[in-house]
Amino acid sequence: PRTPVTVTVTGAAGQIGYALLFRVASGQLLGPDTPVRLRLLEITPALSAAEGTAMELDDCAFPLLAGIDITDDPATAFDGTNVALLVGARPRTKGMERGDLLEANGGIFKPQGRAINDHAADDVKVLVVGNPANTNALIARAAAPDVPAERFTAMTRLDHNRALTQLARKTGASVSDIRRLTIWGNHSATQYPDIFHAEVAGKNAAEAVGDETWLAEEFIPTVAKRGAAIIEARGASSAASAANAAVDHVHTWVHGTPEGDWTSMAVVSDGSYGVPEGLISSFPVTTANGSWQIVQGLEINEFSRPRIDASVQELIDEREAVSGLGLI
Ligand code: NAX
């Protein structure tokens, strides 16, 4: 049998953690041949809840689950970790300013980045889910100078999947008929879901839709505000769909994108498409052999350019704010 891969999940007792852990343990993250050792990181008051989840994981008798450790210590949580899923974060509470939010999360992601730097396996791959995800990833990455920058990513796959379904509905196609959709920028309300390079059953998606008003007034806001719509309907934020997107993100990173297609991942910019170097921004990305590459050479039209720029500007502002706070 293969050596188990160590997967660390932070915020393991939260609602995304509850939806995510069972899928990781069942083999959906890394495939049916890869045993998994789980490490659950929680804050001290939530350790008991994490233990309850671990009991349920035991009770699933997953053949691929090689063990579970639960801890409130980042050094222990990331010791030898191969895949780090950083889900736990400090939510924005009433009356909290953006600066307070960034600072509170800096207090989580900076020490976690340092612990990854000092203790994780050489091949560690990091996915940040906890919001503000792109900037939390930037903070963790800055605290881990010995880990290659390309191992720190943030999640826009949920936005990507939301956009796939909206486009499929509009065109009467199936989601599996759609390729080359892109989420650009920040995982926030400024994100830009781009269908100009996408194809629906081999036809250009923007031409298939043929309706820029729908794009500007329905598609983009529906995708960008979907998180708020879920909260409104469900009384709680997206959890199972977020966990599903995290599984998709890592699975694609490890196993590769299909020929002729790409995915959306927030990754460190090399300056492509005018996104300042070093920002962690969502791009069209292909993956192969466990690494990713930003798709090059796409023409950005007049509709897309200001929308990409606006979201990137928000990331620049967030970077300035956390830099001012001494977090990077
Ligand atoms: P919950 O509040 O249910 O769970 C968060 C958990 O994190 C709690 O159990 C808490 O104790 C734990 N935690 C807090 N600080 C920690 C620390 N320093 N170390 C370890 N654990 C810690 O939130 P949940 O609904 O699970 O959402 C988690 C995060 O995902 C939030 O920041 C949320 O905004 C974000 N999301 C990101 C999405 C994305 O697409 N990137 C979509 C879904 C989700 O909104």
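The values are calculated or read from the model by the stated rules, or taken from the named source; none is laboratory data. Note that the structure is predicted; figures quoted are calculated from it, not measured. No Cβ is skipped: glycine too gets one built from the backbone with ideal geometry, and neighbour counts run over all protein chains shown.
Within segment 58-70, if we keep just the residues that are surrounded by fewer than 19 Cβ atoms within 10 Å (Cβ to Cβ) and in contact with a strand residue (DSSP E or B) (Cβ under 6 Å, 6 or more places away or on another chain), the residue that is farthest from Pro35 (Cα to Cα) turns out to be Asp69.
Out of all the residues in segment 58-72, is one or more touching an Asp or Glu at 6+ places or on another chain (Cβ under 8 Å) and at pLDDT below 95? No, every residue in segment 58-72 fails to be touching an Asp or Glu at 6+ places or on another chain (Cβ under 8 Å) and at pLDDT below 95. The condition of being part of a loop (DSSP other than H, G, I, E, B), at negative phi and either polar (S, T, N, Q) or surrounded by 14 or more Cβ atoms within 10 Å (Cβ to Cβ) (or both) does not hold for Asp248. Of the residues Ala19, Ala49, the single one that is near the ligand (Cβ under 9 Å from one of its atoms), closer than 20 Å to Ala243 by Cβ and in contact with a helix residue (DSSP H, G or I) (Cβ under 6 Å, 6 or more places away or on another chain) is Ala19.
Among the residues of segment 1-24, those identified as small (Gly, Ala, Ser) and assigned to a loop (DSSP other than H, G, I, E, B) are Gly11, Ala12, Ala13, Gly14.
The residues of segment 283-308 that are over 15 Å from Ala266 (Cα atoms) and either buried (at least 19 other Cβ atoms within 10 Å of the Cβ) or in contact with a Lys or Arg (Cβ under 6 Å, 6 or more places away or on another chain) (or both), listed by number, are Ser304, Arg307.
Taking segment 27-45 only, how many residues are within 23 Å of Asn244 (Cβ to Cβ), of a type in the set (A, V, I, L, M, F, W, C) and surrounded by fewer than 19 Cβ atoms within 10 Å (Cβ to Cβ)? Count: 0. Selection of segment 71-122 for residues being among the small types (Gly, Ala, Ser), surrounded by fewer than 17 Cβ atoms within 10 Å (Cβ to Cβ) and more than 14 Å from the ligand (Cβ to nearest atom) yields Gly80, Gly95, Gly99, Ala121.
Looking at segment 135-241, what helices (runs of 4 or more DSSP H) fall wholly within it and have at least 1 residues that are more than 15 Å from the ligand (Cβ to nearest atom) and surrounded by fewer than 22 Cβ atoms within 10 Å (Cβ to Cβ)? Answer list for segment 135-241: 157-171, 205-209, 220-224.
Checking every residue in segment 253-263 against the condition of being in contact with a helix residue (DSSP H, G or I) (Cβ under 7 Å, 6 or more places away or on another chain) and either surrounded by fewer than 20 Cβ atoms within 10 Å (Cβ to Cβ) or under 24 Å from Ala89 (Cβ atoms) (or both) gives at least one match.
Whenever a residue of segment 158-171 is of a type in the set (Val, Ile, Thr), its partners that are part of a helix (DSSP H, G or I), lying with C-beta atoms within less than 8 angstrom and at least six residues away or across chains, give the pairs Thr165/Val175; Thr171/Ala205; Thr171/Ala208; Thr171/Val209.
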